[in-house]
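Comments concern the structure below.
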Amino acid sequence: MARILVVDDSLTQAAQAQFLLEDSGHEVQTASDGQEALEEITRQAFDLVLTDLQMPGMNGLELVEAIRARYPQVPVILMTAYGSEDIAIEALQKGAASYVPKKNLERDLPETVAQVLMVSKAGREQQRLYQCLAQAEYHFVLENDPALIPPLIGHLSESVSRRNLCDANSLLRMTVAWSEALLNAMQHGNLEVSSELRQQDERIFQGVLDKRRQEEPYRSRRVHVIARESPEQAVYVIPMRGPASTCPPCPTRPTRPTSSASAAGACCSSAPSWTRYLTVPRVTRSSW
């Protein structure tokens, strides 16, 4: 059984949704608008919010955004009227878990709620499991293809977020640092193409990169990314070699690590190679 908040300015439609959910064994409470819904969520915990899209004051789309910002662990399902599917899709992009057309409410609502609750429960249990992870280490070996960088950064970012190691601003700094380090390792390290050529002519620069990806010894070289993660911190090592390699500026180490979460970086220079170490120290919520 789950605790569900139904938000609808129509008493009749709210009662219909409440009946369907209670018939499925859930405990249901109702709110007449978005602001009242937020007040209820502040007072008590809910496993799921089911909201109408079109409401006076704060509409369903605005409510989705507010809940995602304040209570990201609470999934939201939208009830949509005919012709509002485009807005519902926009709501999904903003963080809604799913939506149900009102014309199919009786048929689709119980199943949709069951599916969303199952996924939400699995996510909470997975998060709990990650809190039990003492240490993890990954070793990625990448070809010199920039298309591999976004999925790798996505994986690393998700891992840092799951462990709650830093805040959003620090994670953003880390993604920028990862991207720069990986591009440098591919382009200037393995493929040995100087950044000076790029400043002179971007087209020629890209042409040389494409050519060297197909030529030996460049094509056989790989970028190694070593990630070591624990509940206290995460360390990422990206070695780069090659005569064209130059160490780009590192992120500044925080002077007051207790006041804000910061991505720390350090370089160990030993020409013609260098290694970038990117460290994410754990920062508790109380120190944000």
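Restricting to segment 132-162, name every residue that is surrounded by 15 or more Cβ atoms within 10 Å (Cβ to Cβ) and either of a type in the set (S, T, N, Q) or within 12 Å of the chain's Cα centre (by Cα) (or both).
144, 153, 156, 157, 159, 160, 162 - these are the residues of segment 132-162 that are surrounded by 15 or more Cβ atoms within 10 Å (Cβ to Cβ) and either of a type in the set (S, T, N, Q) or within 12 Å of the chain's Cα centre (by Cα) (or both).
In segment 93-104, how many residues are out of contact with any Asp or Glu (no Cβ under 6 Å at 6 or more places or on another chain), touching a residue at least 24 places away in the same chain (Cβ under 8 Å) and either surrounded by fewer than 18 Cβ atoms within 10 Å (Cβ to Cβ) or not assigned by TED's automatic domain parsing to the domain that holds residue 61 (or both)?
1
Residue by residue, here is whether (1) of a type in the set (Gly, Ala, Ser); (2) under 18 Å from residue 98 (Cβ atoms) holds:
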| position | (1), (2) |
| --- | --- |
| 8 | no, yes |
| 12 | no, no |
| 32 | yes, no |
| 36 | no, no |
| 39 | no, no |
| 44 | no, no |
| 50 | no, yes |
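So is residue 25 under 20 Å from residue 112 (Cα atoms) and not in a helix (DSSP H, G or I) or not?
Numbers: under 20 Å from residue 112 (Cα atoms): yes; not in a helix (DSSP H, G or I): yes.
In short, yes.
For segment 3-19, which residues satisfy the criterion of being in a helix (DSSP H, G or I) and either surrounded by 20 or more Cβ atoms within 10 Å (Cβ to Cβ) or basic (Lys, Arg) (or both)?
Scanning segment 3-19 gives 14, 17.
Return the pair list, or none, for Cβ contacts closer than 7 Å from residues in segment 49-73 that are closer than 24 Å to residue 127 by Cα to residues that are at pLDDT 90 or above and assigned to a loop (DSSP other than H, G, I, E, B), at least 6 apart or on different chains.
49/74; 67/74
For (1) under 21 Å from residue 111 (Cβ atoms); (2) surrounded by fewer than 18 Cβ atoms within 10 Å (Cβ to Cβ); (3) out of contact with any helix residue (DSSP H, G or I) (no Cβ under 6 Å at 6 or more places or on another chain), each residue gets a yes or a no:
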residue	(1), (2), (3)
36	no, yes, yes
45	no, yes, yes
53	yes, no, no
63	no, no, no
79	yes, no, no
86	no, yes, yes
91	yes, no, no
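Which of the residues that make up segment 176-193 are surrounded by fewer than 17 Cβ atoms within 10 Å (Cβ to Cβ) and polar (S, T, N, Q)?
Answer for segment 176-193, where residues must be surrounded by fewer than 17 Cβ atoms within 10 Å (Cβ to Cβ) and polar (S, T, N, Q): just 179.
Given (1) modelled with pLDDT of 95 or more; (2) in a loop (DSSP other than H, G, I, E, B), identify the lone condition not met by residue 50.
The failed condition is (2).
Among the numbered criteria (1) surrounded by fewer than 17 Cβ atoms within 10 Å (Cβ to Cβ); (2) not in a loop (DSSP other than H, G, I, E, B), which one does residue 231 miss?
Status for residue 231: all satisfied but (2).
Return the total of residues in segment 99-136 being closer than 18 Å to residue 3 by Cβ and of a type in the set (S, T, N, Q).
Number of matching residues: 3.
List, please: which pairs have Cβ atoms under 8 Å, are six or more places apart or on different chains, and start with a residue in segment 201-213 that is of a type outside the set (Lys, Arg) and end with one that is not in a helix (DSSP H, G or I)?
Close Cβ pairs satisfying both conditions: 205/193; 208/191; 208/193; 209/191; 209/193.
Scan segment 121-157 for residues that are in contact (Cβ under 8 Å) with a residue 60 or more places away in the chain and among the β-branched types (Val, Ile, Thr) and jot them down.
141
If you go through segment 95-130, how many residues are outside any helix (DSSP H, G or I) and either within 12 Å of residue 24 (Cβ to Cβ) or touching a Lys or Arg at 6+ places or on another chain (Cβ under 7 Å) (or both)?
The first filter runs over segment 95-130 and keeps only residues outside any helix (DSSP H, G or I), leaving 95-101.
So of that shortlist, the ones also either within 12 Å of residue 24 (Cβ to Cβ) or touching a Lys or Arg at 6+ places or on another chain (Cβ under 7 Å) (or both) come out as 95.
Looking only at that region, the number is 1.
When you look at residue 172, is it touching a strand residue (DSSP E or B) at 6+ places or on another chain (Cβ under 8 Å) and either surrounded by 13 or more Cβ atoms within 10 Å (Cβ to Cβ) or without any contact (Cβ under 8 Å) to a residue 12 or more places away in the chain (or both), yes or no?
no
Count, please, the residues in segment 227-240 that happen to be closer than 16 Å to residue 159 by Cα and either in contact with an Asp or Glu (Cβ under 7 Å, 6 or more places away or on another chain) or not hydrophobic (A, V, I, L, M, F, W, C) (or both).
The total comes to 8.
The values are calculated or read from the model by the stated rules, or taken from the named source; none is laboratory data. Only a predicted model underlies this, so the values are computations on that prediction, with no experimental measurement involved. Note that we place each Cβ from the backbone using ideal geometry, even for glycine, and neighbour counts take in every protein chain shown.
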